[in-house]
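Quick notes on the structure that follows.
The values are calculated or read from the model by the stated rules, or taken from the named source; none is laboratory data. The shown structure was predicted, so the numbers you read here are calculated from the model rather than taken from an experiment. When we count neighbours, we look across all protein chains shown, and the Cβ atoms used for this are built from the backbone with ideal geometry, even at glycine.
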Amino acid sequence: VPVSRIRNFSIIAHIDHGKSTLADRLLQSTGTVEDRQMKEQFLDNMDLERERGITIKLQAARMNYTAKDGEQYVLNLIDTPGHVDFSYEVSRSLAACEGALLVVDASQGVEAQTLANVYLALENNLEIIPVLNKIDLPGAEPDRVKGEIEEIIGLDCSGAILASAKEGIGIDEILESIVHLVPPPQDTVSERLRALIFDSYYDSYRGVIVYFRVMDGTVKKGDRIRLMASGTEYEIDELGVLCPTQKQVNELHAGEVGYLAAAIKAVEDARVGDTITLAKAQAAQPLPGYTEAKPMVFCGMFPTDADQYPDLREALEKLKLNDAALHYEPETSSAMGFGFRCGFLGLLHMEIVQERLEREYDLDLIITAPSVVYRVITNKGEELYIDNPSHLPAPNEREKIEEPYVKVDMITPETYVGTLMELCQNRRGIFKDMKYLTQGRTTVTYELPLAEVVTDFFDQMKSRTRGYASMEYHLIGYQENPLVKLDIMINGDPVDALAMIVHRDKAYGVGRALTEKLKELIPRHQFKIPLQASIGSKVIASEQIPALRKDVLAKCYGGDISRKKKLLQKQAKGKKRMKSIGTVDVPQSAFMAVLRLD
Ligand code: GTP
């Protein structure tokens, strides 16, 4: 196909506004996927994704479409992940497109994440086509939502498409708009090859499968390619397009979207945002926008059973093959033994990895509370980045501590503004801005320490607003604060895995609340267990878990054997996610206690 008849686009939507349903419809009505073989939501093909109803990894699909003008067009849909943790990937897949459908649920309205992604699309100069979805719903208010989009984004909505992905309304109009409004790619076939990697995954037979958009030039099967950021070279074994299943071709030209396999060993070697060029005829400059994903949130992972340490290492190695953003390194904790310190893009990324380790690799893990990366200047003038609170230099060895701050944008119904502001205030937030949108909807902007956001902020926001508020955040920089290290002792033993960094003014409150919570969470033993929180050598809070008075079996009347068995089984099960610290069994929940203090 000539470049003039290619259209590359993506779909921007808030979670649940209908992106996957619409994508399915487009694939169906262009005959790309036959109705019979239409699996629900073709693009979300990871189990975990489907269960959680969120799109984590982005992919692509090529559709042939005969437009009303009688011409045949190739439409490439490039999917984007829907979560703030993955906004770098979103920006790279948008960079591979010339246009985007902005899908907004007509019964809801614009949400924070939609906004963030629209700004990314505008930065990439994309043509944006507004689509109001779910107009079949009785509560749909397309005019109000149009007004909202115009108000917030400044996008003309007079031509917005009214659609229902579910009922199949407006689908033809969307396809025609893509053809007529999204500009074709530039014709740069004669230039040297530059292709943008927007996704990749690891396949155990063929090595990494790289998804890319050819920006300039031509790529052929058998070509020796060079990845400009990583500086490595490979020979292409397989080249193809996604229909949406893989179909091999011999060459791809500027403007086209496809995949390749070249015996690449790990996705880390073919990172999202990197530029593919030819080894023999290298492009002068890589494509702009490449950055290495930096982990923002860290936690410790320890097997409950020390024998599982090699299994944990192997599982992390395997996950890493498919996840360039995952970081890990061995950690030895005096309380917990051998484990790993792991770094993630954000909380969702962390949860996904933890869940996979436990589900796919059947590991029993103790996971410590999330921490951010602190910047410490020592009194010798050294700069340290500390991702583990227990590694914080002592007060007399450090000059200052800085912590990362994020700008948080929230969109909420007006009635919840008060409770949201209270939450932000409790979390050391700095009020920045508030704007009334349409009909009682408000945007609220705060700057907050990232440490306060990773500890349960999202769930708090959701529960305080009955799920009606949405948020988006991004890093704005580091700021100095009077921070101190809070240590926890259980039965006289300091537990490094429970150490945390807190603001001086909150330390007493946190220390007290934490010891109280631990008292609730750690089961009684045959002996008394003192719990203490301290700053340096100064104890600021203490509690005591009383000794068990009765044996658990004493509860069984008259020696009912099956009942006795049941009780013992129950005990054994409850033990699974426990870590012995000294002589005390500490359950997983205790390591997350800090997330449950409000
Ligand atoms: P993520 O994958 O989480 O980003 O969500 P999504 O935006 O892909 O939403 P999805 O397509 O999964 O749709 C969310 C819900 O809305 C599903 O229950 C759909 O059946 C429903 N839905 C999608 N489009 C329509 C529509 O036009 N009308 C109605 N009534 N429901 C719809």
query = Say we look at segment 95-125 and pick out the residues that are in contact with a Lys or Arg (Cβ under 7 Å, 6 or more places away or on another chain), touching a residue at least 40 places away in the same chain (Cβ under 8 Å) and within 16 Å of the ligand (Cβ to nearest atom); which of these is nearest to Ser177 (Cα to Cα)?
reply = Val103
Hits in segment 204-222 (condition: within 17 Å of Gln282 (Cα to Cα) and of a type in the set (Gly, Ala, Ser)) = Gly217, Gly222
key: Residue in segment 172-193 that is modelled with pLDDT under 95, closer than 19 Å to His17 by Cα and under 30 Å from the mean Cα position of the chain (by Cα) present   = no
ask   = Quick one: which of Asp172, Asp136, Asp216 is within 16 Å of the ligand (Cβ to nearest atom) and in contact with a strand residue (DSSP E or B) (Cβ under 8 Å, 6 or more places away or on another chain)?
value = Asp136
task = Given the conditions (1) in a strand (DSSP E or B); (2) over 26 Å from the mean Cα position of the chain (by Cα), report the number of the one that Glu447 does not fulfil.
result = (2)
Residue selected from segment 194-212 under the condition of a type outside the set (Ser, Thr, Tyr) and over 23 Å from the mean Cα position of the chain (by Cα), by the criterion surrounded by the most Cβ atoms within 10 Å (Cβ to Cβ) = Ala195
query = Under 9 Å by Cβ, and 6 or more places apart or on different chains, what pairs join a residue from segment 1-26 that is over 24 Å from Ser87 (Cα atoms) and part of a helix (DSSP H, G or I) with one that is more than 12 Å from the ligand (Cβ to nearest atom) and among the acidic types (Asp, Glu)?
reply = Val3/Asp187; Val3/Glu256; Ser4/Asp187; Arg5/Glu71
request  = Only residues in segment 126-138 that are at positive phi count as the first member; pair them with residues that are near the ligand (Cβ under 6 Å from one of its atoms), Cβ under 9 angstrom, at least 6 apart or cross-chain, and list the lot.
outcome  = Lys134/His17; Lys134/Gly18; Lys134/Ser164; Lys134/Ala165; Lys134/Lys166
key: segment 142-198, subset in a loop (DSSP other than H, G, I, E, B) and hydrophobic (A, V, I, L, M, F, W, C), residue nearest to Leu260 (Cα to Cα)   = Leu193
Residue satisfying all of: in segment 139-165; more than 12 Å from Ser107 (Cβ to Cβ) and within 15 Å of the ligand (Cβ to nearest atom); surrounded by the most Cβ atoms within 10 Å (Cβ to Cβ) among these = Ala163
query = So which residues in segment 71-87 are modelled with pLDDT under 85 and hydroxyl-bearing (Ser, Thr, Tyr), if there are any at all?
reply = Thr80, Ser87
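Report whether or not Tyr309 is of a type in the set (Phe, Trp, Tyr) and over 28 Å from the mean Cα position of the chain (by Cα).
Judged against the criteria, Tyr309 is not a match.
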query = Within segment 344-367, can one find any residue that is in a strand (DSSP E or B), buried (at least 17 other Cβ atoms within 10 Å of the Cβ), touching a Ser or Thr at 6+ places or on another chain (Cβ under 9 Å) and not aromatic (Phe, Trp, Tyr)?
reply = yes
message = For the condition closer than 16 Å to Tyr88 by Cα and among the basic types (Lys, Arg), what is the one hit in Lys265, Lys294?
response = Lys294
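Yes or no, residue by residue, for (1) at pLDDT 90 or above; (2) of a type in the set (Gly, Ala, Ser):
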| residue | (1), (2) |
| --- | --- |
| Gln460 | no, no |
| Gly477 | yes, yes |
| Val502 | yes, no |
| Gly509 | yes, yes |
| Thr515 | yes, no |
| Ser534 | yes, yes |
| Lys538 | yes, no |
Selection from segment 276-326 of residues that are outside any loop (DSSP other than H, G, I, E, B) and polar (S, T, N, Q) = Thr277, Gln308
message = Restricting to segment 82-133, name every residue that is assigned to a loop (DSSP other than H, G, I, E, B) and in contact with a helix residue (DSSP H, G or I) (Cβ under 9 Å, 6 or more places away or on another chain).
response = Gly82, His83, Cys97, Ala106, Ser107, Gln108, Gly109, Val110, Asn124, Leu126
ask   = Within segment 392-404, is even one residue surrounded by fewer than 18 Cβ atoms within 10 Å (Cβ to Cβ) and out of contact with any strand residue (DSSP E or B) (no Cβ under 8 Å at 6 or more places or on another chain)?
value = yes
